Amino acid sequence: MTIGIIGQGLAGTALAWQTHWAGHEVRLFDRGLHLSASWVAAGLINPLVLKRKRLVQGAADHLACMQDFYALVEKTLGLELFYPGSIHEVLPDITAEKTWDELALSPSFDAFIGPAKPLHHSQLVGHKQAEVRGSARLRVTRYLTESRAFFSQHHHLEALNVESIEVLKNGQFELNTSCTVDALLLAEGYPGKWTQAFFGPLPFAATRGEGLRIAWEGAPIVDALHKNVFLLPEGDGSYQAGSTYAWDALEGPVTAEAREDILQKLRTWFDQPVEVLDQWKGIRPTMQDRQARWAWHPQHHRMGFLNGLGSRGALTSPLLSQKLLADLMP
Ligand SMILES: Cc1cc2nc3c(=O)[nH]c(=O)nc-3n(C[C@H](O)[C@H](O)[C@H](O)COP(=O)(O)OP(=O)(O)OC[C@H]3O[C@@H](n4cnc5c(N)ncnc54)[C@H](O)[C@@H]3O)c2cc1C
């Protein structure tokens, strides 16, 4: 079967790998990775919502699936796709340490809560740090660009905007009046023009996120750290810091407010001045209830979609793409 996929962000790339492994012909359509939320994603794979001290729904299942999924992609591409190490929560004081230790007493959390240990990084203000067990950090841009190269070489990749979709009488789909596919998967992210046209309105509560790439003088930090923001070593002496959450003014260039918000939070980490090397922004395709959506069309039986991955696309796209395709594939 020839399967068309619109979008090659985290959702579309996971769908493409699953359809490839199932032995189908893949035709990927993506108008440009730099336009995707996935391109700016920090790649954190985190079973905990650290700010609210909550567990991601289905965290254990997502972690188990994503490990097998990315291991197989790594094997196929012959590449390392993860940064070394896991995420650590910085515990600024004894109260934070107590709250953290209490979480470990809850049976649903205990698998993910590492013990509080002395802060590894003498240049940081803080009390202790603790590992989020099972967490990891995907090298998202490497995963996306190398997957893109693989699908260009072994399948078909069209670097263009899909401007028309026609459902043919025999149930196939014609895209841009020139390309015919047997099944069509929509993985468009926000705002999901074709998904909303065929499946009706999606309950988006999309959030804008901004982040900084920074550097400073001093000993390198090796762990991916979280306190009031994430501080993530890039391995070249620079760090990603962020990101912000905003529900209004989704479009538009990066803002001075977001930059100052992150820098102000970083001032509680260490006293040194930091140099801002870059600032970036993206729109998370979040739903109002924070639940992703996937479905097959009630009339066009071979049209499906996956959207609403919110701020967890790296963790959830492997299992959700598998769930969607389970209904199509033998
Ligand atoms: C600042 C920020 C930080 C984040 N950090 C993390 C993180 O650390 N960990 C994590 O898991 N998630 C993170 N996320 C969330 C993550 O980015 C999203 O969950 C994920 O990218 C959603 O993937 P997607 O494939 O659904 O959408 P997208 O990444 O937006 O991909 C959709 C693709 O479809 C293409 N497209 C759409 N319509 C068409 C069309 N008609 N024709 C052709 N192409 C089309 C777009 O160009 C795009 O390339 C972050 C997001 C932001 C904004």
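The values are calculated or read from the model by the stated rules, or taken from the named source; none is laboratory data. What you see is a predicted model; the values in this text were computed from it and never measured. Cβ atoms come from the backbone with ideal geometry, glycine included; neighbour counts cover every protein chain shown.
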_Search result, residues across the range 125-156 that are at pLDDT 95 or above and of a type in the set (A, V, I, L, M, F, W, C)_ = A130, V132, A136, L138, V140, L144, A149, F150, F151
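May I ask you to list the residues in the range 43-61 that are touching a residue at least 12 places away in the same chain (Cβ under 8 Å), surrounded by fewer than 21 Cβ atoms within 10 Å (Cβ to Cβ) and within 13 Å of the ligand (Cβ to nearest atom)?
From the range 43-61, those touching a residue at least 12 places away in the same chain (Cβ under 8 Å) are 43-48, 50, 53, 55-61; that's our starting set.
Add one more test, that the residue is surrounded by fewer than 21 Cβ atoms within 10 Å (Cβ to Cβ), and what stays is 50, 53, 55-58, 60-61.
Correct list: L50, V56.
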_Residues of the range 289-309 satisfying the condition of being surrounded by fewer than 19 Cβ atoms within 10 Å (Cβ to Cβ) and within 21 Å of H62 (Cβ to Cβ)_ = D289, R290, Q291, A295
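Listed here are the residues, each with its yes/no results for (1) at pLDDT below 90; (2) surrounded by fewer than 16 Cβ atoms within 10 Å (Cβ to Cβ).
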site: G237; (1), (2): no, yes
site: D248; (1), (2): yes, yes
site: E257; (1), (2): no, yes
site: I262; (1), (2): no, no
site: Q279; (1), (2): no, no
*Of the numbered conditions (1) in contact (Cβ under 8 Å) with a residue 60 or more places away in the chain; (2) crowded, with 19+ Cβ neighbours inside 10 Å; (3) away from the ligand (no atom under 15 Å from the Cβ), P285 fails exactly one; give the number of that condition.*
(3)
_Failed item, numbered, when L79 is tested on (1) touching a helix residue (DSSP H, G or I) at 6+ places or on another chain (Cβ under 7 Å); (2) not in a loop (DSSP other than H, G, I, E, B)_ = (2)
_For the range 17-30, check the following and say yes or no: at least one residue is near the ligand (Cβ under 6 Å from one of its atoms), outside any loop (DSSP other than H, G, I, E, B) and closer than 30 Å to P107 by Cβ._
no
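So which of S321, S311 is under 30 Å from H121 (Cα atoms) and either within 13 Å of the ligand (Cβ to nearest atom) or at pLDDT below 95 (or both)? Break it down into steps so the answer makes sense when it comes.
Values: S321 fails: under 30 Å from H121 (Cα atoms).
Result of the check over S321, S311: S311.
Matching residues to (1) within 16 Å of the ligand (Cβ to nearest atom); (2) of a type outside the set (F, W, Y); (3) part of a strand (DSSP E or B):
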{"position": "Q123", "(1), (2), (3)": "no, yes, no"}
{"position": "L157", "(1), (2), (3)": "yes, yes, yes"}
{"position": "E163", "(1), (2), (3)": "yes, yes, no"}
{"position": "R213", "(1), (2), (3)": "yes, yes, yes"}
{"position": "P220", "(1), (2), (3)": "no, yes, no"}
*For K169, all conditions in the list (1) in contact with a Leu (Cβ under 7 Å, 6 or more places away or on another chain); (2) more than 12 Å from the ligand (Cβ to nearest atom); (3) on the phi < 0 side of the Ramachandran plot hold save one; what is the number of the exception?*
(1)
_Tell me yes or no: at least one residue of the range 187-207 is buried (at least 20 other Cβ atoms within 10 Å of the Cβ), on the phi > 0 side of the Ramachandran plot and in the same structural domain as K53 (by TED's automatic domain parsing)._
yes
